[in-house]
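What follows is a single structure, written as structure tokens, with notes after it.
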Amino acid sequence: MKAVQVTGYGDVDQLQVVDKDIPEPKSNEVLIKVKACAINNTEIWMREGAYGTGGKSGWRPEGVHFPRIPGSDITGTIEKAGSEVDQHMIGRDVVVFPFTSSGDEGKEHIAEDMSFIGSEYDGGYAEYVVWPAELCFDMPLSDYTESTVFSVSGMTAWHMIEQLQVQPGETIMVTGANGGVGSLNVQIASQVFGAKVIAIVGDLALEERLKELGADHVLSYRSERLAEEILEANGGPIDSVVDVVGDALFSTSLEVLKKGGKFCTSGSAGGQKTELDFRTLYLKHITLYGSVLGTRAEFKRMLQAISEGKIKPVIDRTFPLEKAREAQTYFKQAGKTGKIVLIP
């Protein structure tokens, strides 16, 4: 089969197109013919060493072992099933839940042995992948490319909104609102949980598109009056922030939050380190949340909302699998809206 491997830490030249044997499913696994695989920051940061190099570079203490086939947002058709798997699964079109874990229900994502497909296991930058049958779910939409964009970004966004216990009528600020997680945060907060959304982007040419997704206001982080504009748009301080940017908008976020407000982050594309005046935190009674991925129950609720049309796929562009270098390079460019997808 054709696959793309990461051969080590570094630039996109570490991505190599190779021919490999089709993997054989274990007794509890299925073999999936990959139809689409969306790109996430996760596999790019892993390659670049943003999580570290050597030990602790992945989700497990021992770090990533190279070469590794990346890719975690996977849809495809089951072509073969292990001996312990219901053979009726063969032929099903599925979307992959992206990690294994021994954690109790509701705590799967915080278990010490959480292991991620595309990091600890070979992933979806390939024509075939094997995965536990119990972690394969029916596609929420009939189209492979449209169904593949939700697994990691969607679950991450859904978990952030549930963590904040968002209520109808509350105002939520979404940073990086045109990205994979951000565009889904806009939809989930507004269309599923009934919140008012202030979307933060770089280019206001995206305003109409973001409002179509459910944003009430669209503002640019390039404005020198951003904090004032947020307060003016809402008529006062806001309830919560869902953030994927990190340092670049951290101080502004805390400034515009109400007393008792909440800040939830799942990324740091705009800077991984920041300064915090603790007086702001305790005088305003702000609660901070760190958030990565989510639970199987949340994943199922998300898939149901997608199938009901409450959350729609947002796709910027597709690339053939062998153009993975170009796709990851394009992924890092500003001004996109939604996901980038590889097609084997």
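The values are calculated or read from the model by the stated rules, or taken from the named source; none is laboratory data. Since the model is a prediction, treat every value here as computed from it, not as a measurement. Note: ideal-geometry Cβ built from the backbone for every residue, glycine included; neighbour counts use all protein chains shown. All accessible areas refer to the heavy atoms of the entire protein, side chains included, with ligands and DNA or RNA removed. Shrake-Rupley method; radii C 1.70, N 1.55, O 1.52, S 1.80 Å.
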Are any residues in region 187-218 in contact with a helix residue (DSSP H, G or I) (Cβ under 7 Å, 6 or more places away or on another chain) and polar (S, T, N, Q), and if so, which ones?
GLN187
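What strands (runs of 3 or more DSSP E), lying completely within region 1-83, carry at least 1 residues that are at pLDDT 90 or above and touching a Ser or Thr at 6+ places or on another chain (Cβ under 7 Å)? Give the derivation first.
Numbers: elements: 2-6, 15-19, 29-38, 73-81.
Answer list for region 1-83: 15-19, 29-38, 73-81.
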Restricting the search to region 138-157, which residues are hydrophobic (A, V, I, L, M, F, W, C) and touching a Lys or Arg at 6+ places or on another chain (Cβ under 7 Å)?
VAL149
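What about ALA248, is it over 20 Å from the mean Cα position of the chain (by Cα) and farther than 18 Å from SER153 by Cβ? I'd like the intermediate steps shown before the answer.
Details: over 20 Å from the mean Cα position of the chain (by Cα): no; farther than 18 Å from SER153 by Cβ: yes.
No.
Conditions tested, residue by residue: (1) among the aromatic types (Phe, Trp, Tyr); (2) more than 26 Å from GLY338 (Cα to Cα); (3) open to solvent by 10 Å² or more (accessible area, probe 1.4 Å).
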site	(1), (2), (3)
GLY236	no, yes, yes
VAL245	no, no, yes
ALA248	no, no, yes
CYS264	no, no, no
GLY267	no, no, yes
LYS273	no, no, yes
THR287	no, yes, yes
LEU293	no, no, no
ALA297	no, no, yes
If a residue has to be over 18 Å from LYS259 (Cα atoms), buried (at least 21 other Cβ atoms within 10 Å of the Cβ) and free of Cβ contacts under 8 Å to residues at least 60 places away in the same chain to count, how many in region 211-234 make the cut?
4
I'd like to verify a number: residues in region 161-204 that are open to solvent by 10 Å² or more (accessible area, probe 1.4 Å), in contact (Cβ under 8 Å) with a residue 40 or more places away in the chain and under 25 Å from ILE39 (Cα atoms), how many?
11
Would you confirm, using the coordinates I've provided, whether THR318 is polar (S, T, N, Q), part of a helix (DSSP H, G or I), closer than 30 Å to VAL17 by Cα and out of contact with any Leu (no Cβ under 7 Å at 6 or more places or on another chain)?
no
Mind counting the residues in region 91-113 that are open to solvent by less than 10 Å² (accessible area, probe 1.4 Å) and part of a loop (DSSP other than H, G, I, E, B)?
2
Is it fair to say GLU208 is of a type outside the set (Gly, Ala, Ser) and open to solvent by less than 60 Å² (accessible area, probe 1.4 Å)?
no
Restricting to region 137-163, name every residue that is outside any helix (DSSP H, G or I) and among the charged types (D, E, K, R).
ASP138, ASP143
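Just to be sure I understand, how many residues within region 289-310 are charged (D, E, K, R) and either more than 19 Å from CYS264 (Cβ to Cβ) or in a loop (DSSP other than H, G, I, E, B) (or both)? Walk me through how you get there before you give the answer.
Start the filter on region 289-310 by keeping residues that are charged (D, E, K, R), which leaves 296, 298, 300-301, 308, 310.
Now drop any that are not either more than 19 Å from CYS264 (Cβ to Cβ) or in a loop (DSSP other than H, G, I, E, B) (or both), which leaves 296, 300, 308, 310.
The number of residues fulfilling the criteria is 4.
With ALA215, ALA269 as the choices, which residue is at pLDDT below 95 and among the aliphatic types (A, V, I, L, M)? Break it down into steps so the answer makes sense when it comes.
Values: ALA215 fails: at pLDDT below 95.
Among ALA215, ALA269, only ALA269 is at pLDDT below 95 and among the aliphatic types (A, V, I, L, M).
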